[in-house]
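A.B. asks: My structure is below; once you've seen it, I'll send some questions.
The values are calculated or read from the model by the stated rules, or taken from the named source; none is laboratory data. These figures come from a predicted structure and were not determined experimentally. Note: ideal-geometry Cβ built from the backbone for every residue, glycine included; neighbour counts use all protein chains shown.
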Amino acid sequence: MSRLELRQNLKQKLSPQQIQFMKLLQVSNSNIESEIKKELEENPALEEVENNDKETLDDLNQLDYKSSQKTSKDSYDYSKESNISSKESFRENLLNQLNYIELNSNEKIIANQIIGSLENDGYLRRDLESVIDDIAFTENIEFKLEEVKKVLLKVQKLEPSGIASRNLEECLTIQVNSVEDPSEVHLIAKEILINSFDDFKQKQFNKIYEKFQSPKEKINEAFDYIKTLNPIPSGGMEDYTTTEFLMPDFIIKKGDNEFVVEFTSDTKQINVNKSYISMFDQLSKMKDKDSESKESYDFIKNKIQSAKWFIEALNQRYNTLNKTMNAIIEYQRKFFEDGEENDLKPMILKDIAEIIKMDISTVSRIVSSKVVQTDFGVFPLKYFFSESTIMKGKEYVSSKVVKNFLKDLIHSENKERPLSDELLEKKLKVEGFKVARRTVAKYREQLNIPVARLRKEY
């Protein structure tokens, strides 16, 4: 069975409530109220209520459909707000740029999903098939791979150059291609990136000299030009990025030997509209319905059902977020007790998915957009997950632990004789970290630390 058939079969199994739930799950607590307001405007079978009222709903089907979300807006400590640069701002800038390029309605949906899938460094590491799956879940629209590839090329033309690249090679190549009236050096640089990137990355310059017929001086100029390119696409947007306050979705408070999870949203209490229930009840009792009554009956029934789905999806969202946050706290309990990054345990999406007994995709949707306030600062939920794990002795540690140690090694090195990746690898192994040199290079690049020869000071 093809991947497309699997996606279609999966989508067919999803109820309208599940689709609604997945869509709401990605919304931050600060934006959930606007989603509720939108639904209240579109569905007359929904109404905002001040007090809990189960009477009309009990008459409907013995279920309470009110939103049960508890809020803690009044207890929020605004002194704990994080005045760090909001990662949303660079994505918002990209979304604004979409208004100036030619896109139809479907292409805008794809472009929005691509931008929403970008990591904080500006790369698109989520494969396009998964992007298609995400759109199918949230929008209930199935796109072909070629359609997504076409839109990706348009997104990659946005500024800064290199945004939405899937790897470093593509990032640098896009930047070279964006040069107007390219010189000979630019063209050589492009050829090197396309045909000899691995050699360049591994500093096998002699192989490149042998492969190209251009003068050595020109090739060296191309090398120097490539080194000026930005390996972190989002880094080029610093001038656009404004410092904002991040509003957490969760606030973690420590009680007596336990942690309490509070939500920061001030969610409206909603219910199924009483008048609609009354009309539905009256029409249900009619034995012989004329065409107009039948049409009214079907309309009201559909609106009430849609209202129920939305309220149930809200409740499910709240319960899922609460379970997920508590599972993360329990897994990373030591960190939440002392705030030491080196105390973070190796943790991947699958670990939390197994605890809460839900799909990995569900956890991914939660983690991608949520922020938590702790006694030690404000963190995106992504912070608590490891991209990979490394053996230290007989135990696994988070990649963050290795990165911190690597950063300390480089910080304390002799700047006249900076440590190569090979020497860094050896020093890490002395400390018990079983790490390959390519992994050292990868972590160094992620820390935005240049190679040894560029760190040398005279």
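A.B. asks: Please specify each residue of the range 320-340 satisfying the condition of being under 15 Å from Leu381 (Cβ atoms), in contact with a helix residue (DSSP H, G or I) (Cβ under 7 Å, 6 or more places away or on another chain) and not polar (S, T, N, Q). Lay out the reasoning, then the answer.
C.D. replies: Of the range 320-340, the ones under 15 Å from Leu381 (Cβ atoms) are 320-332, 335-336.
Next cut, in contact with a helix residue (DSSP H, G or I) (Cβ under 7 Å, 6 or more places away or on another chain) only: 320-321, 323-324, 327-329, 331-332, 335-336.
The answer is Leu321, Lys323, Ala327, Ile328, Ile329, Tyr331, Phe335, Phe336.
A.B. asks: Report yes if some residue within the range 276-287 is farther than 30 Å from Val49 by Cβ and either buried (at least 18 other Cβ atoms within 10 Å of the Cβ) or among the acidic types (Asp, Glu) (or both); otherwise report no. Break it down into steps so the answer makes sense when it comes.
C.D. replies: First, the residues of the range 276-287 that are farther than 30 Å from Val49 by Cβ: 287.
Still in the running and either buried (at least 18 other Cβ atoms within 10 Å of the Cβ) or among the acidic types (Asp, Glu) (or both): none.
For the range 276-287, residues farther than 30 Å from Val49 by Cβ and either buried (at least 18 other Cβ atoms within 10 Å of the Cβ) or among the acidic types (Asp, Glu) (or both): absent.
A.B. asks: A follow-up question, please. Conditions: (1) buried (at least 16 other Cβ atoms within 10 Å of the Cβ); (2) under 24 Å from Gln18 (Cα atoms); (3) at pLDDT below 85; (4) not β-branched (Val, Ile, Thr). Asn112 meets all but one. Number of the miss?
C.D. replies: It is condition (3) that Asn112 fails.
A.B. asks: Which one of these does Phe310 not meet: (1) farther than 30 Å from Asp249 by Cβ; (2) in contact with a helix residue (DSSP H, G or I) (Cβ under 8 Å, 6 or more places away or on another chain)?
C.D. replies: Answer for Phe310: the failing condition is (1).
A.B. asks: Within the range 295-311, work out how many residues are among the charged types (D, E, K, R) and surrounded by fewer than 17 Cβ atoms within 10 Å (Cβ to Cβ).
C.D. replies: 3
Let's see how each residue does on (1) out of contact with any helix residue (DSSP H, G or I) (no Cβ under 6 Å at 6 or more places or on another chain); (2) farther than 28 Å from Val27 by Cβ:
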position	(1), (2)
Phe280	no, yes
Lys285	yes, yes
Asn302	yes, no
Tyr318	yes, no
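A.B. asks: Hey, among Glu102, Glu129, Glu142, which residue is charged (D, E, K, R), more than 20 Å from Gln175 (Cβ to Cβ) and not in a loop (DSSP other than H, G, I, E, B)?
C.D. replies: Testing whether each residue is charged (D, E, K, R), more than 20 Å from Gln175 (Cβ to Cβ) and not in a loop (DSSP other than H, G, I, E, B) leaves just Glu129.
A.B. asks: If a residue has to be buried (at least 16 other Cβ atoms within 10 Å of the Cβ) and under 30 Å from the mean Cα position of the chain (by Cα) to count, how many in the range 422-448 make the cut?
C.D. replies: Residues in the range 422-448 being buried (at least 16 other Cβ atoms within 10 Å of the Cβ) and under 30 Å from the mean Cα position of the chain (by Cα): 8 in total.
A.B. asks: Restricting to the range 343-359, name every residue that is surrounded by 14 or more Cβ atoms within 10 Å (Cβ to Cβ) and either of a type in the set (Val, Ile, Thr) or closer than 25 Å to Asn404 by Cβ (or both).
C.D. replies: Within the range 343-359, Asp343, Leu344, Lys345, Pro346, Met347, Ile348, Leu349, Asp351, Ile352, Ile355, Ile356 meet the criteria.
A.B. asks: Another question, if that's okay. Among the residues of the range 180-203, what is the count of those that are exposed (fewer than 15 other Cβ atoms within 10 Å of the Cβ) and assigned to a loop (DSSP other than H, G, I, E, B)?
C.D. replies: Number of matching residues: 6.
A.B. asks: Ok, one more. Can you tell me which residue among Leu428, Leu424 is over 28 Å from Thr264 (Cα atoms), touching a residue at least 24 places away in the same chain (Cβ under 8 Å) and among the aliphatic types (A, V, I, L, M)? Let's see the steps before the verdict.
C.D. replies: On the way: Leu424 fails: touching a residue at least 24 places away in the same chain (Cβ under 8 Å).
Every option except Leu428 fails the conditions.
A.B. asks: I would also like to ask the following. Of the conditions (1) under 19 Å from the mean Cα position of the chain (by Cα); (2) farther than 21 Å from Ile251 by Cβ; (3) of a type in the set (Ser, Thr, Tyr), Thr324 fails just one. Which one is it?
C.D. replies: Thr324 satisfies every listed condition except (2).
The rows are residues; the columns are (1) touching a His at 6+ places or on another chain (Cβ under 6 Å); (2) at pLDDT below 75; (3) assigned to a loop (DSSP other than H, G, I, E, B); (4) not basic (Lys, Arg).
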{"residue": "Leu10", "(1), (2), (3), (4)": "no, yes, no, yes"}
{"residue": "Gln18", "(1), (2), (3), (4)": "no, yes, no, yes"}
{"residue": "Glu33", "(1), (2), (3), (4)": "no, no, no, yes"}
{"residue": "Lys37", "(1), (2), (3), (4)": "no, no, no, no"}
{"residue": "Pro44", "(1), (2), (3), (4)": "no, no, yes, yes"}
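A.B. asks: Still on this structure, please answer the following. Can you report the number of residues in the range 169-207 which are of a type in the set (A, V, I, L, M, F, W, C) and under 21 Å from Leu124 (Cα atoms)?
C.D. replies: 7
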